[in-house]
Amino acid sequence: MPKTEKPKFLEDLLEKLREQVSHIVKLVVRGSNVLSYANAEVKPTPLLSLCVEDCFEKGVDVSRGGARYNFTGIQAVGIADVGDSLVAIEGALNAGYSMDDIVEACRKNFVGYEKLHKLLLQSPKYGNDDDAADKYTKMVLEWYCEEVNRHRNFRGGKFAAGCYPMTTNVGFGFFTSALPSGRKSGEPLNPGVSPSTGMDREGVTAVINSASKLSYENLPNGASLTINLSSDVLGEKGDAVIEALIKSSMELGVMHVQFNILKEDLLRKAQQEPEKYRWLLVRVAGWSAYFVELSRPVQEEVIRRISCRI
């Protein structure tokens, strides 16, 4: 492909991607509104409505829009995976590969395409304070927010964009094929506004700097940034380190930050003898859970966050 065609090709690719984001959000909105209508018709909640502001005064059930704060949240999953894929495509095209090469490599889960796979993995990644990668993640997140926030819900309120996955980044990953970022088929997607697992190579401050470049004013339903640290690296000044990281994140404009301070060998022991580690709490994605009560795939994803580095 001649060099003069590459910018135009990427332009067309981004245009098609934006169209797909708009199309998928519309489908999600339609499905959500159908479920909301069914809930209101089949399962009204008078007791809950008594506990929610304005429902009693209006005489309107919460399922039909009686609440003062009447919005529906939709969560984005895999934002960094998309951003990383776009910058990886750009790098691969500049290295002489065609889009057909990249697509076929993904279809084959990179089997037989090891050289291309290595190139894709080594491309810039969100979470390393690298503008080349961060700009694409920021752009895709803004598209998503714009599309979600324009819609109205069944109850007459607004849809509100959010970016925290609970554990759906693991579940959705099962059904997502290999990506141009170098992520293999079936692997978890990135959680919230955190980097893809193992792709943060420049340390904690770089992760915070990348997250600070995102636009949070259009994320009314919230976003989660999870930072994973090994307890070995904190030492005696651990409290002061965490305090400084939280303060820096807030000053830079990050909406939310949370920490896992764990050791891989401890988590492995908890998997082997869960009855001895029922006390072990971990942050998953905007919420905490007892590690031994998580499904095995989610446990593995938590472990990979503190052990997987390129």
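Below, the figures for the structure above:
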read-out	value
Charged-residue dipole, Cβ positions (Lys, Arg, Asp, Glu), the chain about Cα centre, Debye nearest 20	540 debye
Under 24 Å from residue 276, Cα to Cα: lysines that are on another chain or at least 8 residues apart	263
The range 163-266 shape via C-alpha gyration tensor axes, a/c threshold 1.5	oblate
Long pairs among 118/247; 26/213; 26/135; 184/213, criterion Cα-Cα beyond 31 Å	118/247
Prolate/oblate/rounded label for the range 134-186 (Cα gyration tensor, a/c 1.5)	oblate
Potential lengthening between residue 48 and residue 16 on full extension [0.36 nm per residue; Cα-Cα distance subtracted]	7.2 nm
Segment residue 202-residue 289, extension gain: residue separation times 0.36 nm, minus the distance between their alpha carbons	28.5 nm
Total formal charge among the other residues, if their Cβ is under 13 angstrom from that of residue 257, Lys/Arg +1 and Asp/Glu -1	0
Gyration tensor (alpha-carbon) shape descriptor, the chain, a/c threshold 1.5	oblate
Sorted peptide list for 146-152, 8-14, 250-256, criterion being average Cβ within 10 angstrom, highest first	146-152, 250-256, 8-14
Percent antiparallel among DSSP beta bridges (both partners in the range 5-307, rounded to 5)	25 percent
Built amide H within the under 5 Å cut-off of residue 72, gap 5+	158, 159, 160
Listed residue (172, 77, 31) projecting farthest to the positive dipole end of the chain, Cβ model	31
Sequence-distant aspartates and glutamates (8 or more away, or on other chains) whose Cα lies within less than 15 Å of residue 125	81, 84, 90, 134, 200, 202
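FYI, it's all coordinate maths here, none of it is from the lab. Computed from a prediction, not measured in an experiment: that's the story for all the values here. Virtual Cβ from ideal backbone geometry, glycine too; neighbours counted across all protein chains shown.
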